[in-house]
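Down below is the structure, laid out as structure tokens.
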Amino acid sequence: MSLSICTLVPLSHLRKTSRHVAIGFSQPKSLWRSKISMSVSVGSRQHTSDESLFIDYKPSYAFLFPGQGAQTLGMGAEAQGVPAAAELFRKANDILGFDLLDACTNGPKEKLDSTVISQPAIYVTSLAAVEVLRARDGGPDIIDSVDVTCGLSLGEYTALAFAGAFSFEDGLKLVKLRGEAMQDASDAAKSAMVSIIGLDSDKVQLLCDAANEEVDEKNKVQIANYLCPGNYAVSGGVKGVEAVEAKAKSFKARMTVRLAVAGAFHTSFMEPAVSRLETALAATEIRTPRIPVISNVDAQPHSNPDKIKNILALQVTSPVQWELTVKTLLGKGLKKSYELGPGKVIAGILKRMDKSAEIENIGA
């Protein structure tokens, strides 16, 4: 149960303990004649330094993309029946240097769950899901209607590719490097993540404070993922995480779940990955997205390419503001969402926050 970034506890797991716990292509058709697999992104705006471009965005239809932890054996198989989707996997093989579809369909699970495999696998499968949708009756009209997009941690890269901020190929290269850099940072220090179920964010912060009183600096913990009410992930040194687990019941937490991730994502433990990301981002052409892409760092859309690069570098050491992102979208009048890619984690979060929210899952 991971998520690199955004590791979640599956809704089905939580239902066993309590019924209360859950865990863009909006462009004219003329601008979307080419597929995601084109080496040059299609339909993006020209470069702009104006950060106010999307400040008053009014969302109606959203594409939401999953993060690490959503991977499942067999994903990508459906995409092979759609030529444009299958082509993405073929292109990915050349960039990654291994057979991505084989890893997705045959695993083994331990291989697919690794950070260096799961991140590119989810990125490619999620964009393949867009092509699967496009091939369906009415699919192109749905794609054209989307006017905002975002993704959980890794999913932010998928959202930016969908919105034309960079090409499929450039995005995959960034995701590949990101996964490798995060794995290396995890290997450099003993760290972990744990989900705290059944507490509000203020109580989880108090729990972290109590745990931090008992450990040294290198084992400190913090909230890493603000997922939804009652579900927050804490990251930090192993001893700090163990202290959180030991104290959780006294803080009236319903349960804790240690997450199957390589390390303390979205904390300072990932600092060694930042410089490598910054170098790669500096060498990547990023354009102003066609539609708002909501950042995990501040739950805001950004239009300045340099700002987007800065945000992506900050993202690996910053808490994921997914709860605020969803709350803002719903508050601005979002009518319907589509979760594209493996799993249904995002749908679970959305329903946890608003039972009446409409969301459709598009797999590949």
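Here is a yes/no grid of residues against (1) open to solvent by less than 50 Å² (accessible area, probe 1.4 Å); (2) modelled with pLDDT of 95 or more:
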{"site": "91", "(1), (2)": "no, yes"}
{"site": "96", "(1), (2)": "yes, yes"}
{"site": "104", "(1), (2)": "yes, yes"}
{"site": "107", "(1), (2)": "yes, no"}
{"site": "113", "(1), (2)": "yes, no"}
{"site": "123", "(1), (2)": "yes, yes"}
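Only a single criterion out of (1) in a loop (DSSP other than H, G, I, E, B); (2) in contact with an Asp or Glu (Cβ under 9 Å, 6 or more places away or on another chain); (3) of a type outside the set (Lys, Arg) is not satisfied by residue 356, namely (2). Among residues of the range 323-342 that are among the polar types (S, T, N, Q), those with a beta-carbon under 8 Å from a residue that is open to solvent by 50 Å² or more (accessible area, probe 1.4 Å) and at pLDDT 95 or above at least six positions away or on a different chain give the pairs 337/61; 337/358; 337/360. In the range 220-318, counting only helices (runs of 4 or more DSSP H) that sit wholly within it, the ones holding 3 or more residues that are assigned by the TED database to the domain that holds residue 150 and farther than 18 Å from residue 159 by Cβ span 271-282.
The values are calculated or read from the model by the stated rules, or taken from the named source; none is laboratory data. All of these numbers come straight from a predicted model, not from anything done at the bench. Backbone-built Cβ (ideal geometry, glycine too); neighbour counts: all protein chains shown. Remember, those area values only see protein heavy atoms, side chains included, never the ligands or the DNA or RNA. Shrake-Rupley method; radii C 1.70, N 1.55, O 1.52, S 1.80 Å.
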